Amino acid sequence: MCGTKSKVCDMRALILVGGYGTRLRPLTLSRPKPLVEFANKPMLLHQIEALVEAGVTQVVLGVSYRAEQMEQELSEEAKKLGVSLVFSHESEPLGTAGPLALAKDILTASDEPFFVLNSDIICDFPFKDLMAFHKSHGKEGTIVVTKVEEPSKYGVVVYDETGSIQNFIEKPQEFVSNKINAGIYILNPTVLRRIQLRPTSIEKEVFPGMAQDGELYAFELQGFWMDVGQPKDFLTGSILKLLFLVLNWFCRHSGNTNISMIREKGVCA
């Protein structure tokens, strides 16, 4: 059944891969950031595989920098996974919302919601649970949020007990929330009415209006999360990913789900 936790049918996704990867140099001097090897495969492939596992059949890549190299290397992987890859070429950097407008015809081809991801995010992608939550509240959009230890370094998301987002506060000096935008969204096609084809920030120019209209909810991520866009975070993220794989293997083979370390990591509960 379409839209249930066990199956997401005829779904689309857009991954934002148009950046130059300057923060991750020197790893990006010869390869675009999405193709840098992370835990033995290109970073982008982790996301695409998770989307396919959730039932996504078409993935749009908003590309500009080294687009031809990405097309060459990813097309063969897409065939193996049985997913359609569409390369949406930006003639100028369009920010984090403009690429949605550029791919409007694809994203609005059905009434089904679509996923949007930043390309340098690594976590245990909870796409099926995210879809179920999004369907349950029935509003226009859902942002995945994750807990951080030092919220004053980030823009935080403030929401009520139902998950309805009330406000976004940039680098708060007093504690108001320890949840930040994790760079993963699910949006209804109607959100495209809010976005014009120009350089636009979805975080600063689209989401605040949605929240004000009561159309935006927060989904809390369990387990590890990392923005691996800088070398030190790339190394930390690699360790977290490998730890997750080890603990996940332990969960499957031991049957013991009451170990405190595993619970803290959010792997199997």
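The values are calculated or read from the model by the stated rules, or taken from the named source; none is laboratory data. Predicted, not measured: the structure shown is a model, and the values here were computed from it. Note: ideal-geometry Cβ built from the backbone for every residue, glycine included; neighbour counts use all protein chains shown.
Does F115 meet the test of being buried (at least 20 other Cβ atoms within 10 Å of the Cβ), aromatic (F, W, Y) and part of a loop (DSSP other than H, G, I, E, B)?
In short, no.
Within the stretch 140-167, track down each residue that is in contact with a Ser or Thr (Cβ under 9 Å, 6 or more places away or on another chain) and in a helix (DSSP H, G or I).
P151, the sole residue that qualifies.
Any residue in the stretch 209-223 that is of a type in the set (A, V, I, L, M, F, W, C) sitting within a Cβ distance under 8 Å of a residue that is assigned to a helix (DSSP H, G or I) and surrounded by 21 or more Cβ atoms within 10 Å (Cβ to Cβ)? List the pairs, counting only those 6 or more apart or interchain.
Here the result reads M210/V191; M210/R194; L216/F207; F219/L130; F219/H134, each pair linking the stretch 209-223 to a residue that is assigned to a helix (DSSP H, G or I) and surrounded by 21 or more Cβ atoms within 10 Å (Cβ to Cβ).
Taking S88 and the conditions (1) under 15 Å from I202 (Cβ atoms); (2) crowded, with 17+ Cβ neighbours inside 10 Å, which numbered condition does it fall short on, given that it satisfies the others?
(1)
So, in the stretch 178-199, of the ones that are surrounded by fewer than 21 Cβ atoms within 10 Å (Cβ to Cβ), over 18 Å from the mean Cα position of the chain (by Cα) and not aliphatic (A, V, I, L, M), which residue ends up modelled with the lowest pLDDT?
N178
Test of understanding: among D120, D105, which residue is within 21 Å of V17 (Cβ to Cβ), of a type in the set (D, E, K, R) and touching an Asp or Glu at 6+ places or on another chain (Cβ under 8 Å)? If you could, list the steps in order and put the result at the bottom.
Working: D105 fails: touching an Asp or Glu at 6+ places or on another chain (Cβ under 8 Å).
When all the criteria are applied, what remains is D120.
Looking at the stretch 21-74, which of its residues are charged (D, E, K, R), assigned to a helix (DSSP H, G or I) and either at pLDDT 65 or above or more than 20 Å from the chain's Cα centre (by Cα) (or both)?
K33, E49, E53, E68, E71, E73
Looking at the stretch 200-218 only, could you name the residues that are within 18 Å of the chain's Cα centre (by Cα), among the aliphatic types (A, V, I, L, M) and closer than 20 Å to A101 by Cα?
Within the stretch 200-218, I202, V206, L216 meet the criteria.
Count, please, the residues in the stretch 118-139 that happen to be in contact with a strand residue (DSSP E or B) (Cβ under 8 Å, 6 or more places away or on another chain) and part of a loop (DSSP other than H, G, I, E, B).
Matching residues across the stretch 118-139 total 5.
Specify the residue that is farthest from L221 (Cα to Cα); the eligible residues are those in the stretch 140-188 that are among the small types (G, A, S) and free of Cβ contacts under 8 Å to residues at least 40 places away in the same chain.
S152
For the stretch 118-137: of the residues being modelled with pLDDT of 95 or more and among the hydrophobic types (A, V, I, L, M, F, W, C), which is nearest to A54 (Cα to Cα)?
F127
Mind counting the residues in the stretch 75-112 that are in contact (Cβ under 8 Å) with a residue 40 or more places away in the chain and part of a loop (DSSP other than H, G, I, E, B)?
12
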